[in-house]
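Okay, so here's the structure we're looking at.
The values are calculated or read from the model by the stated rules, or taken from the named source; none is laboratory data. Quick caveat, the model's predicted, so the values are computed rather than measured. A quick note on method: Cβ atoms are made from the backbone with ideal geometry, for glycine too, and the neighbour counts reach across all protein chains shown. Just so you know, the surface numbers come from the protein's heavy atoms only, side chains and all, with ligands and any DNA or RNA stripped out. Shrake-Rupley method; radii C 1.70, N 1.55, O 1.52, S 1.80 Å.
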Amino acid sequence: MNRIITIGREFGSGGRELGRRLSEELGFAYYDQEIISEIARRTEMSEQYVQSIVEHKPSFSFPIHIGRSFYPAPAPVFDQSMSVYQEQARIITEMAHKSDCVIVGRCGDYILKEYEPFRMFVYADMESKMKRCREKASEEEKMTDKELKQHILGIDKKRAKYYEFYTGHKWGDKLNFDLCINTSRTVIKEIVPAVARLIIR
């Protein structure tokens, strides 16, 4: 069975960088934006549109794992969201079968739970997340501190709702992960070797 690492992360925590560096350290395949690209290719939707769906909870107030006694009225947007999620699940499962890999986000820990991946969650304090955002993207540099903080909180709120909708679990709950890493005031590349040794022991 291939070795699989899944990484959930708060926005600005450096989880994506940690995943990429970890895959390089271990010689594993790395999947993040590649998942979106493949969904777009298979569904013939634009990557931008798929991205807009992938981290947003469908606009229904009930979870998909509700009892069969209740059926929602047809809703094209809801159906499209479900189709994208199902395609995402298929792609992630295929990737896990191909080789050892690191998968960032996309409910990978839940989708691959039967494969017993090493599940990580990366988080940081707000000050560190804001600092990382300003270092990584010029767009965030134009925001005031208040605007940037709201931007970060907004993205994390969407991720939480998306994850909880499709998995029935609380996003970021330590009980759902094998390792939680606080990257506050941390240089990501400096902790990668230690994390790699911990995972592949």
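Structure above, values below:
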{"item": "Convex hull of region 134-201 built on C-alpha atoms - directionally averaged projected area, nm²", "result": "6.4"}
{"item": "Qualifying trypsin sites (Lys or Arg not before Pro) for region 110-172 [loop in DSSP, other Cβ within 10 Å: at most 16]", "result": "Lys142, Lys170"}
{"item": "Top of Glu135, Glu34, Glu25 by mean-square fluctuation, Gaussian network on the chain, Cα under 10 Å", "result": "Glu135"}
{"item": "Solvent exposure of the chain as accessible area per residue, Å², 1.4 Å probe", "result": "56"}
{"item": "FRET efficiency, Lys158 to Asn2 (Cβ-Cβ, R0 35 Å, nearest 0.05)", "result": "0.70"}
{"item": "Evaluated at q = 0.24 Å⁻¹: base-10 log I(q)/I(0), Debye formula over Cα of region 117-170", "result": "-0.96"}
{"item": "Average silhouette area of the chain, convex hull of alpha-carbon atoms, in square nanometres", "result": "12.3"}
{"item": "Computed [θ] at 222 nm, helices only, for the chain once each DSSP H run of length n ≥ 4 contributes -39500 (n - 2.57)", "result": "-16500 deg cm²/dmol"}
